[in-house]
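Chemist: Dropping a structure here in structure tokens format, bear with me for questions.
What follows draws every value from the coordinates through simple rules; no lab data is involved. From a predicted model like this one, the values you see are computed outputs, not experimental measurements.
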Amino acid sequence: MTTPDNRPDKPFEQRARELYLEAAQRIDPATIGRLRAARRRALTTAQAPRHHTARWLIPTGAFAAIALATLMVWQPLPHRTPSPATQVANATDAGTDLDNELPPDADKTDPNLYQNLDFYGWLAANNSQPANR
């Protein structure tokens, strides 16, 4: 078994290290300054935390909340089909004035209105005071 000290390329590594150290001693000061600045930039970039995902989470969550609130507020109203009595009443109201105090003609109104005339008379007699709520 070979140990790290008896490797066959050990003399090659020693010679490469000596050449590297000798070349490092002969570098001019301007190049040394640029190398140190590049090293500092590389280290600060490597150590800086990455918050790319966190930057998008807050606006995305806010947009989702606004969209949900918008959908809850502006829900379409359920479409209700009017009953036949309402259709007849709407047809007669379109041609008459609402301020008219005369009763509608018998042939133009719903016959169900004439079934409880006593109730309408009682309601008119007792409806002189508005209800306080």
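Chemist: Residues with amide H under 5 Å of residue 109's amide H, sequence separation 5 or more or different chain, H placed in the peptide plane at 1.01 Å from N; which?
Modeler: none
Chemist: Determine ³J(HN,Hα), in whole Hz, for all residues of region 14-20 in sequence, where each value follows from phi through the Karplus function 6.51 cos²θ - 1.76 cosθ + 1.60 and θ = phi - 60°; x replaces Gly and Pro.
Modeler: The phi angles translate into 5, 5, 5, 5, 4, 5, 5 Hz.
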